[in-house]
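K.L.:
Here you go, one structure.
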Amino acid sequence: MARKIKKGDEVIVLRGNHRGARGEVLSVLTDKERVIVKGVNIVKRHTKPRGTQQGGIFEKEGSIAISNVMLIDPETERATRVGFKVQDDGRKVRIAQKSGKTLD
């Protein structure tokens, strides 16, 4: 199954506390249908010291549902749906529905 949102894509958050926030996708959790977006949904983790790692309170990005983000069209800089197109050489590529531009 082809993924519509991949690591490194620029997305915008559509719903939730961070609505309107933009960021880069750091990772996609396909089994849970969630994504981790840079600078969005910052959570605090209290960790114990382990070996050489120092303990304390660390901030990192939490995951959000993949249905709550939408890809940003590189041409128009606005949210767009993602479609697929088979090229002449047989490769399947992602396209932005608003502008028709290829994303891969």
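K.L.:
Take the eigenvalues of the Cα gyration tensor for the stretch 1-43, scale each by 5, and report the square roots as semi-axes in whole Å, largest first.
P.N.:
The three semi-axes for the stretch 1-43 are 18, 11, 10 Å.
K.L.:
Past the 23 angstrom mark, what percentage of all C-alpha to C-alpha distances in the chain do you count?
P.N.:
Within the chain, distances greater than 23 Å cover 38 percent of Cα pairs.
K.L.:
Assuming 0.36 nm per residue, please report the length gained on full extension of the stretch residue 54 to residue 38 beyond their Cα-Cα distance.
P.N.:
3.4 nm
K.L.:
Would you tally the net charge around residue 101, using a Cβ to Cβ cut-off of less than 14 Å, leaving residue 101 out, and scoring K and R as +1, D and E as -1?
P.N.:
After counting each charged neighbour, the total is -1.
K.L.:
Using a 7 Å offset from the Cα along the Cα-to-Cβ direction at both residue 92 and residue 6, what is the distance between the two label points in nm, to one decimal?
P.N.:
1.3 nm
K.L.:
Measuring from label point to label point, each 7 Å out along Cα→Cβ, what is the residue 76 to residue 31 span in nm?
P.N.:
3.7 nm
K.L.:
Using only the alpha carbons, work out the radius of gyration and Dmax of the stretch 51-104 in angstrom.
P.N.:
In Å, with Rg to one decimal and Dmax whole: 18.4, 55.
Every number here is computed from the coordinates shown, using simple stated rules; none is lab data. Since the structure is predicted, the reported quantities are computational estimates derived from the model, not experimental observations. Here the Cβ is made from the backbone with ideal geometry for all residues, glycine too, and neighbour counts use every protein chain on show.
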